[in-house]
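Input: a single structure, listed below in structure tokens.
The values are calculated or read from the model by the stated rules, or taken from the named source; none is laboratory data. Fair warning: this is a prediction, and the values are worked out from it, not measured in the lab. Every residue, glycine among them, receives a Cβ derived from its backbone with ideal geometry; neighbour counts consider all protein chains shown.
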Amino acid sequence: MVHSPSHHRLVAGVIAIAGAGAVAIGTVALPAHAQAAPIELAWNAPEDCPTQDAVLNEIARVLGHLPAGAPVQARAEVTRGEGGRWQAQLALATQSAQSQRLLVAESCEAIASATALIVAVAIEGRAVPESPQTVPSNASRTDGRPAAPPPSPSSPWHNWQLLVGASGIVDDGAMPSIAGGVEVALGWAGVWRAWRVRVVASAAAFAEQSKLADRPQLAAKSEGGDFRLIDASGRACGSLVVGPFDFGPCVGSEVDSMDARGTPSATLPGHTSGQTSAQWVSLSGSALATWQFARMLALSARVEGLVPLAHPRFVIAQPGENREASQAFVHEPSAVALRLSLGLEMRIF
């Protein structure tokens, strides 16, 4: 069973893991004059982890020397597991006994250090009490530098990361027809138990679109408007972390700004230049899903609904005494808009 790490339990964890390894392989000491087989270490880990040589150097550092022979064979399969945490399937063997265990830590450096410690203790033939198979995240790095300290035992928050993203986005509702655009985002995220909580600010711009007036006589003259939309938004999300994936809901708000220019000679209300603009606020709710396919990179997808709190009308003013009758309707944002986005997210730190 994997237990949640805390400062005191994790320190005990290292001692216990090492002890369990020594006990499992029998801790049979060889006579001083006997010749043992060389250390056999199979270290299979991603490229951003310490190397096999680094683990061997750590064994030598713990023992004070690298023995010419040792009654231990070790094999470690290292992967990045749930919530971005690292884990290793470690197998130890001697001529008379075998054991397997699961190591879990916040960094690959901690996994490497724990592996080296277990092998070193097995070589020395030491025995210590049993304990959970959880590795402390503050174990020494194999390059001699201390690893980052673990989160405070009093706080379940960990793995804070800066988020930078870019994505393609599609709008259906705010613009005259379905429109494509680009979005950039900046945010901050932290893992709380099995959830990744994030706060993100983003900005988007959409390609210009044209729409003709609703009056046939004006449409025949190609009179209408050209529309451009930009927005700035903020949202808070809580997503359940399942291995490299996380998914969950978001809530937020958005400020939209739309510019309109009359075409080819239409004059919009109050603007002899034929140009006008409108701004409004929308409330948003969305579903977010991400896939972390590399150490710092993830694909993100979002489906979002927006409810504008205002519905500006864009019209063409025509000569006449009756103002309502003289206005030709061109465009009005929908009561509900739909957004789809797909992009790349970089997670820093």
* To do: Return the residue satisfying two criteria in turn: it lies in segment 22-77 and is among the polar types (S, T, N, Q) and modelled with pLDDT under 65, and of such residues it is surrounded by the most Cβ atoms within 10 Å (Cβ to Cβ).
  => Thr27
* Asked: So which strands (runs of 3 or more DSSP E) stay within segment 275-349 end to end and still have 3 or more residues that are modelled with pLDDT of 95 or more and buried (at least 19 other Cβ atoms within 10 Å of the Cβ)?
  -> 275-292, 297-308, 337-348
* To do: Filter segment 80-124 down to residues that are part of a loop (DSSP other than H, G, I, E, B) and at pLDDT 65 or above and give me whichever is surrounded by the most Cβ atoms within 10 Å (Cβ to Cβ).
  => Glu106
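With under 30 Å from Glu106 (Cα atoms) and at pLDDT below 95 as the only criterion, which of Ala127, Ala219 stands out?
Residue meeting the stated conditions: Ala127.
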* Does segment 233-255 contain any residue that is surrounded by 14 or more Cβ atoms within 10 Å (Cβ to Cβ), touching a His at 6+ places or on another chain (Cβ under 9 Å) and either in contact (Cβ under 8 Å) with a residue 24 or more places away in the chain or not hydrophobic (A, V, I, L, M, F, W, C) (or both)? -> no
* To do: Considering only segment 213-232, state which residues are of a type in the set (S, T, N, Q) and surrounded by 14 or more Cβ atoms within 10 Å (Cβ to Cβ).
  => none
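Select from segment 173-197 the residues that are among the charged types (D, E, K, R) and modelled with pLDDT of 95 or more and list them in ascending order.
The answer is Glu183, and nothing else.
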